[in-house]
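The values are calculated or read from the model by the stated rules, or taken from the named source; none is laboratory data. Everything numeric here is computed off the predicted structure, so don't read it as measured data. So basically every Cβ, Gly included, is an ideal-geometry build from the backbone, and we count neighbours across all protein chains shown. Accessible surface is based on the protein model in full, side chains and every heavy atom, while ligands, DNA and RNA are left aside. Shrake-Rupley method; radii C 1.70, N 1.55, O 1.52, S 1.80 Å.
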Amino acid sequence: MATFISHSPEETFALGERWGRLAQAGWVVALQGDLGAGKTQLVKGFACGLGIAARVVSPTFALIHQHHSGRLPLVHLDLYRLETRAQIVNAGLDEHLFSPPGVTVVEWPERWLSGGAVVPMPAGWRWVQILQTGESERNITYEGIES
Ligand SMILES: Nc1ncnc2c1ncn2[C@@H]1O[C@H](COP(=O)(O)OP(=O)(O)OP(=O)(O)O)[C@@H](O)[C@H]1O
Ligand SMILES: [Mg+2]
């Protein structure tokens with residue numbers, strides 16, 4: 001487990017960009033954090049690090065955005081509007097959560113963990129938690145990603 005203190009949206013972008021350059025096929029990166037924590041900001045950097053030129057915006061309403069112009073295909077999920085694992089499966093999104101051909105980044109991954117009696121923590125996921133510790137300060141803790 002490692003921690004990065006970000007002092008600006010640009011620093012969060014730069015961290016994501018570094019991870020995007022390191023990313024390998026099959027990665028699933030779960031991004032936890034409250035509304036406005038900076039999950040999408042991190043994904044913008046991640047996409048840039050993968051060489052994706054397209055503008056990255058939050059898939060809050062679409063649930064999923066896919067980008068194919070980078071070194072690896074990137075699937076960007078935002079599960080905020082779904083409540084249970086069943087809803088995620090019904091929306092056909094679960095296929096992206098395990099061994100994707102490219103890389104999947106997931107905002108609100110806890111939606112997958114709720115609504116089940118026995119809930120194993122998916123072993124292949126890389127976890128990132130963003131805590132807002134100030135107006136523009138964020139405490140970013142992560143596991144499974146080299147820094
Ligand atoms: N250090 C920082 N890192 C990231 N974002 C920051 C930072 N400081 C301020 N911000 C601001 O916080 C906001 C983060 O918004 P963002 O859309 O990335 O959040 P989110 O976690 O994706 O929220 P949501 O759950 O609504 O999707 C942006 O307006 C950004 O400019
Ligand atoms: Mg977001």
To the nearest 20 debye, what is the magnitude of the charge dipole of the chain about its Cα centre, counting +1 on the Cβ of each Lys and Arg and -1 on the Cβ of each Asp and Glu?
320
Using the per-residue mean of other Cβ atoms lying within 10 Å as a proxy for protection, in what order, highest first, do the peptides 126-135, 42-51 fall?
42-51, 126-135
Keeping all protein chains in place, calculate the accessible area per residue for the range 6-87 (probe 1.4 angstrom), answer in Å².
46
Given the candidates Trp112, Ala14, His65, the one whose Cα lies deepest towards the positive end of the charge dipole of the range 2-143, counting +1 at each Lys or Arg C-beta and -1 at each Asp or Glu C-beta, is His65
Can you find, among Gln132, Leu35, His96, the residue farthest towards the positive end of the dipole of the chain? Put +1 on the C-beta of Lys and Arg, -1 on that of Asp and Glu.
His96
In the chain, carbon and sulfur make up what percent of the accessible area (probe 1.4 Å)?
53
